[in-house]
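K.L.:
Once you've had a glance at the structure underneath, I'll fire off some questions.
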Amino acid sequence: MRGQPIRRCDQIILCALLFAPMTAVSENAASAAAVEAMAQAATPAAIVDYRRKLAAYQEARAAFEEDAGAYWNAIADKRRGRNAKRRDYQAVTLDDYVLTQPPLYTGPKQPVNPEPEEERPPRQRKYIPVVADLLKAAAEQFQFVPQRPASEMDFKRAYAKVARAYGLTKEQAVRVYSFETGGNGNHDMQSGLSASRPGSRAISTAVGYNQLLTTNSVELLAEQGQDILRALGEKAARLSGSQRAAMERKIAVVKRMVAYARSVPDTWSAHEKLADTPKGWAIHALVLDVDVGPLLQTHKLLTSIIFARNKGYTLPLTAAELEMMNLTGDGTGLDMVTMPQAMRERVPTSNFFQRSGYERNPVAIRHNTVAQLLAVTDVRMDSNSAKPGARELAAAF
């Protein structure tokens, strides 16, 4: 995909040279017209009306922010209280949650200033590396080229074999895959990018069947690296000749990557900083490898299952419950998973979010109780599990 603009480069440059003067004149004319229109609109009466509306907006917004601030402070206080109770092995009850929904702003909209305002430069977006960047980093930083599958079905078979060996059920693996990828995702699928949507752009570094972020890959290698190396070593022992030599070279690279992932404290924030480096991008390229990628994808789900078990939750996790832990983090997800159905019906989803995350999450807002959120997750899994990619993964089990 990244090669296409290069092939068209000369044509694009030519078009730019031909049309740049016309575009510049057009844009300048449009800008001048907009300024003139604003100036005409900025009569004394219009300015007075604007200032009156602005004062009303600011007053309403300030009142809302006071209510919202108090609400989200209560959410944080309740969360701290629940965590303390769990540390002391005390039961968590309905009283340990905020049971009202977040306040919504219903006041007047911010008015448009009729007077021309100084234009602000557009905010620069942080660059999100794509698969091509990961592969480039792997080659440059570790002299490593991931072994890509001969076909997507080969990767599905490899993932199913590893997932089954580690105790994941077909239902868990297939339904989480169907939710995360829409039921048709490939092993190199990246969040936001789609071949069917020309001009689409990556919205995160999430790649693969369970949409691992760069930080996930670094953290999994730091925490599960020895098990991954053990599995690769066992595979190498069953090979011979050039295949064994290639696997041993891969193991040597993964060992170096594990050492790098462990060079920082075992915290999400430390792993996040490391992940946002060329070496971190190179580690993330492992999700594309037909031997290592299935291990990373499996461990991403397995860590949630082990976390729940270690916290005393021994019931099998449904795919929707596992997805909640996958999406929100193990601690937050387990809070929802361990909740009795009667409580799920009453506890708002806002209890499991920071304010900024909640306000950017239309699904959590629309399906605003734990029961509704789990139900809509199941519905989406049901629908997407019928798609070809999900059916192929199911057949691989």
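The values are calculated or read from the model by the stated rules, or taken from the named source; none is laboratory data. This structure is a prediction, so every number in the text was calculated from the model and none was measured. Note that each Cβ is placed from the backbone with ideal geometry, even for glycine, and that neighbours are counted across all protein chains shown. Each accessible area value is taken on the protein alone, full model and side chains, heavy atoms only, with ligands, DNA and RNA left out. Shrake-Rupley method; radii C 1.70, N 1.55, O 1.52, S 1.80 Å.
K.L.:
Which count do you get for residues in segment 251-264 that are surrounded by 14 or more Cβ atoms within 10 Å (Cβ to Cβ), without any contact (Cβ under 8 Å) to a residue 60 or more places away in the chain and of a type outside the set (Lys, Arg)?
P.N.:
So the answer is 6.
K.L.:
Give me a count of the residues in segment 251-291 that are assigned to a helix (DSSP H, G or I) and under 22 Å from the mean Cα position of the chain (by Cα).
P.N.:
Number of matching residues: 20.
K.L.:
Still on this structure, I have one more. Among the residues that make up segment 137-156, is at least one of them in contact (Cβ under 8 Å) with a residue 40 or more places away in the chain, open to solvent by 100 Å² or more (accessible area, probe 1.4 Å) and farther than 30 Å from Leu393 by Cα?
P.N.:
Yes; the residues of segment 137-156 include at least one that is in contact (Cβ under 8 Å) with a residue 40 or more places away in the chain, open to solvent by 100 Å² or more (accessible area, probe 1.4 Å) and farther than 30 Å from Leu393 by Cα.
K.L.:
Let me ask something else about it. Mind listing whichever residues of segment 204-250 are open to solvent by 20 Å² or more (accessible area, probe 1.4 Å), outside any helix (DSSP H, G or I) and within 17 Å of Ala282 (Cα to Cα)?
P.N.:
Ser204, Thr205, Gln211, Leu213
K.L.:
While we're looking at this one, here's another question. Among residues belonging to segment 107-136 that are of a type in the set (Asp, Glu) and touching a residue at least 24 places away in the same chain (Cβ under 8 Å), point out the one that is nearest to His284 (Cα to Cα).
P.N.:
Filtering segment 107-136 for residues of a type in the set (Asp, Glu) gives 115, 117-119, 133.
So of that shortlist, the ones also touching a residue at least 24 places away in the same chain (Cβ under 8 Å) come out as 115, 133.
On the way: Glu115: 50, Asp133: 10 Å.
Among residues in segment 107-136 that are of a type in the set (Asp, Glu) and touching a residue at least 24 places away in the same chain (Cβ under 8 Å), the one nearest to His284 (Cα to Cα) is Asp133.
K.L.:
Output the qualifying pairs, or none if there are none: Cβ atoms under 7 angstrom, residues six or more apart or on different chains, first residue in segment 272-301 and under 19 Å from Tyr166 (Cα atoms), second residue among the small types (Gly, Ala, Ser) and assigned to a loop (DSSP other than H, G, I, E, B).
P.N.:
Listed by first residue and then by second, the contacts come to Val287/Gly208; Gly293/Gly208; Gln297/Gly208.
K.L.:
Restricting the first residue to segment 164-177 and requiring it to be free of Cβ contacts under 8 Å to residues at least 60 places away in the same chain, which pairs with a second residue that is open to solvent by 60 Å² or more (accessible area, probe 1.4 Å) and assigned to a loop (DSSP other than H, G, I, E, B) meet a Cβ separation below 8 Å and a spacing of at least six or different chains?
P.N.:
Final answer for the pair search is none.
K.L.:
Counting just the residues of segment 355-397 that are polar (S, T, N, Q) and in contact (Cβ under 8 Å) with a residue 24 or more places away in the chain, which one comes out surrounded by the fewest Cβ atoms within 10 Å (Cβ to Cβ)? Outline the logic, then answer.
P.N.:
Taking segment 355-397 as the starting set, the residues that turn out to be polar (S, T, N, Q) are 356, 361, 368-369, 372, 377, 383-385.
After this cut, where a residue has to be in contact (Cβ under 8 Å) with a residue 24 or more places away in the chain as well, the list is 368-369, 377, 383-385.
Details: Asn368: 16, Thr369: 20, Thr377: 22, Ser383: 14, Asn384: 21, Ser385: 20.
Selected residue: Ser383.
K.L.:
Next up: Out of the residues in segment 102-132 that are open to solvent by 70 Å² or more (accessible area, probe 1.4 Å) and of a type in the set (S, T, N, Q), which is farthest from Gly357 (Cα to Cα)?
P.N.:
Filtering segment 102-132 for residues that are open to solvent by 70 Å² or more (accessible area, probe 1.4 Å) and of a type in the set (S, T, N, Q), the one farthest from Gly357 (Cα to Cα) comes out as Gln110.
K.L.:
Mind listing whichever residues of segment 157-194 are among the small types (Gly, Ala, Ser), open to solvent by 30 Å² or more (accessible area, probe 1.4 Å) and in contact with a helix residue (DSSP H, G or I) (Cβ under 8 Å, 6 or more places away or on another chain)?
P.N.:
Gly167
K.L.:
Hey, any hits in segment 143-152 for a residue that's in a loop (DSSP other than H, G, I, E, B) and touching a Ser or Thr at 6+ places or on another chain (Cβ under 6 Å)? If you could, list the steps in order and put the result at the bottom.
P.N.:
Applying the first criterion (in a loop (DSSP other than H, G, I, E, B)) to segment 143-152 yields 143-151.
Right, trim to touching a Ser or Thr at 6+ places or on another chain (Cβ under 6 Å) and you get none.
No, segment 143-152 has no match at all.
K.L.:
Filter segment 371-397 down to the residues that are under 30 Å from Met343 (Cα atoms) and not in a helix (DSSP H, G or I) and list them by number. Give the derivation first.
P.N.:
Step one: list which residues in segment 371-397 are under 30 Å from Met343 (Cα atoms), which gives 371-385.
Result: Ser385, single match.
K.L.:
Being among the hydrophobic types (A, V, I, L, M, F, W, C) and open to solvent by 40 Å² or more (accessible area, probe 1.4 Å) is the filter here; which residues of segment 265-306 pass it?
P.N.:
Trp268, Trp281, Ile306, listed by residue number.
K.L.:
Just give me the residues in segment 307-333 being modelled with pLDDT of 90 or more, touching a helix residue (DSSP H, G or I) at 6+ places or on another chain (Cβ under 9 Å), open to solvent by 10 Å² or more (accessible area, probe 1.4 Å) and not in a loop (DSSP other than H, G, I, E, B), in sequence order.
P.N.:
Scanning segment 307-333 gives Phe307, Glu321.
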